[in-house]
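Throughout, read-outs are computed from the coordinates displayed, never taken from laboratory work. All values reported here derive from a predicted model rather than from experimental measurement. For neighbour counting, all protein chains shown are included, and Cβ atoms are generated from backbone atoms with ideal geometry for every residue, glycine included.
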């Protein structure tokens, strides 16, 4: 039953993405060009990568709003190190933010497990703490002096095509990052024991506890995983922009949560898929891209984003109600959920 | 927490808060070399406290019900903007009382929207109010295009900056609403149902309570209080903008948790909230006097909230 519902969400979402794409192409033929599509996939790779982490946290029944601060701290420390030492190695730059992300995620995981307080409250606190400390120490200074290989790496493409105007374009290396991490997350959720445990904990925490699962280990893993992805995404973000501004990422957490929820994940936990999340990110990216192509005022972004979140959450709440009505009767459904 | 011992636990918590307040007052006056206890600082506290206090009262209802309202600041800002437009552009001849009426009506309307999604559609409060927060702030941005609307008539400025027999008007408003909330939560059927719902919705349902009505009213009340807070905020700043006071959101949650509202719902009293609001305002004013940057302050608020949550877990289990 649940499986069918999830499939449905993905199909709806795919239909919306297709309809929206057709509409935007009619409005502005530039939309449906390979160039714009590749750009879209490149520019949203940050969003896509962290959304995978948020997906796992949501499946486990938690929520994390602090990953933007984690990504910022991780990329800032990386920026300071590589701009001071000018070590000419992308691999090193890539490896710096990961342990930082995992460490900050581990703090979240421990706090969530130990206090048993709603993770929103915990992660709002750590968001303010991580970000506040970073802004206090860095004083908001931007970093834009990077070693040459760091700059060259951003231009790497998987393959290159020529546009009709003779401008080369192609699939960015960062889109590949996103795809690989998506595949890893998919395998982790579907085929590894830890993945099934995450679904179990999110579906019914008490049942999972009584079944003998180590809840602490699972929650720690989940928050470390989003920390790790935030670290990688921090690297990707720095590469994409060739600049590190401490205030560039914080504030994007809502977009990411919206993407995961649009994709069928639920704040009640226990449901959500990698494919759905990918479509959720794509939908948000298309809406934003479309608003720009249609030259709509930037002020409308928030109105539309807010409406999408409320609408998507309402649909999933309604589906949940229907399911409960089938299982427990109308009265319980109307009053309790 | 709604067990036999809950009142005792609550009393101990409030006593602990009073001691904490005394300790912080001492520490802060020491750190600021007595500046905190000078008359100007105390006045500043009395003028700044009502805004935080009213917003915290707005956050309290949803948190007691086991939810949270992330959209109170956005609501307050939109209400301020509508009041500002009414006073400066559309109906300048109708003066402040009309604008306030209009603003409070808008806050009730927004409360009905929130109540609709949380109570009737059953969207989890966190997500519903998150989406509505973005939506409402978006509407404010579309209306103002990011600009500040400033320059209100003098009778409106009286709310945030005037005094009545030496007491700031806004402080009197806060005190009145604190008493109102106290009576509503501890002396009425609605209050009892709200606490019951927060601690155990299933048991509440089977005691014959209409859960949906309780939740709907909670968000209506919360929005209305955000509307009242908005009058104080707009008047105090003499301006309205789409993103004023966003740092208050964390502070309201912190004030509730510190004041004894369990984040899972069902407990918390107005007295505890009031003491915790005073504590936070004293600390905030202390931070100001010490010249802390807003970022350092928000980092400290984050760590304090975590500290309180951990402390509660250690002491009260």
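Enumerate the residues in the stretch B:141-172 having an amide nitrogen under 18 Å from the point lying 7 Å beyond the Cα of residue B:288 toward its Cβ.
Once the point is set 7 Å along Cα→Cβ of residue B:288, B:158-163, B:167-172 turn out to lie under 18 Å by backbone N, inside the stretch B:141-172.
Just from its helices, what would the mean residue ellipticity at 222 nm be for the protein assembly as shown, if runs of 4 or more DSSP H residues each count -39500 (n - 2.57) and the sum is divided by every residue, rounded to the nearest 500 deg cm²/dmol?
Computed mean residue ellipticity for the protein assembly as shown: -24500 deg cm²/dmol.
Can you check how the C-alpha radius of gyration of the stretch A:16-131 compares to 2.2 N^0.38 Å, as a plain ratio?
Rg over 2.2 N^0.38 Å, computed on Cα atoms: 1.39.
Mind checking the alpha-carbon convex hull of the protein assembly as shown and giving the volume per residue in Å³?
Taking the convex hull of the Cα positions in the protein assembly as shown, it is 169 Å³ per residue.
With bins 10 Å wide starting at 0, give me the P(r) of chain A over every alpha carbon pair, in whole percents.
6, 24, 33, 25, 10, 2, 0
What residue among A:70, A:123, A:33 shows peak mean-square fluctuation when chain A is described by a Gaussian network model with Cα springs under 10 Å?
Greatest mean-square fluctuation among the candidates belongs to A:33.
As a footprinting exposure proxy, order B:137, A:217 by other Cβ within 10 Å, with the fewest listed first.
Sorted ascending by nearby Cβ count, the order is A:217, B:137.
Which ordering of A:226, A:173, A:292, A:59 is given by a fewest-first count of other beta-carbon atoms within 10 Å?
Fewest-to-most ranking of A:226, A:173, A:292, A:59: A:292, A:173, A:59, A:226.
Quick check on chain B: what does the Kirkwood estimate of hydrodynamic radius come out to from the alpha carbon pairs, in Å?
20.0 Å
If each of residue A:27 and residue A:167 carries a label point 7 Å out from its Cα toward its Cβ, how far apart are those two points in nm?
Going by the 7 Å Cα→Cβ label model, 2.1 nm.
Would you please give the FRET efficiency between residue A:196 and residue A:242, computed as 1/(1 + (r/R0)^6) with r the Cβ-Cβ distance and R0 = 51 Å, to the nearest 0.05?
That gives a FRET efficiency of 0.80.
I'd like the distance between the alpha-carbon centres of the stretch A:135-178 and the stretch B:173-223, rounded to an integer number of Å.
Value for the Cα centre distance between the two parts: 54 Å.
If I model a spin label at residue A:103 and residue B:210 as a point 7 Å from the Cα along the Cα→Cβ vector, what separation in nanometres do I get?
5.6 nm
If I model a spin label at residue A:187 and residue B:315 as a point 7 Å from the Cα along the Cα→Cβ vector, what separation in nanometres do I get?
5.0 nm
Stick to Cα atoms and the Kirkwood definition of Rh, then tell me Rg/Rh for the stretch A:65-208.
Ratio of gyration radius to Kirkwood radius for the stretch A:65-208: 1.06.
Give me A:78, A:294, B:28, B:63 ranked fewest to most by other Cβ atoms within 10 Å of their Cβ, as a rough exposure proxy.
Fewest to most other Cβ atoms nearby, the residues stand as A:294, B:28, A:78, B:63.
Could you work out how much longer the chain between residue A:34 and residue A:20 gets when fully extended? Use 0.36 nm per residue separation minus the Cα distance between them, nm to one decimal.
Length difference between fully extended and current span is 3.4 nm.
To the nearest 0.05, what FRET efficiency results for residue B:164 and residue B:188 with a Förster distance of 30 Å applied to their C-beta separation?
Working from the Cβ atoms, E equals 0.60.
Kirkwood-based Rg over Rh for the stretch B:238-317 (C-alpha set), two decimals?
1.01
Taking R0 as 30 Å, what's the FRET efficiency between residue A:83 and residue A:179 from their Cβ-Cβ distance, rounded to 0.05?
0.55
Three principal axis extents, largest first, for the C-alpha atoms of the stretch A:182-223, in Å?
For the stretch A:182-223, the Cα spread along each principal axis is 31, 17, 13 Å.
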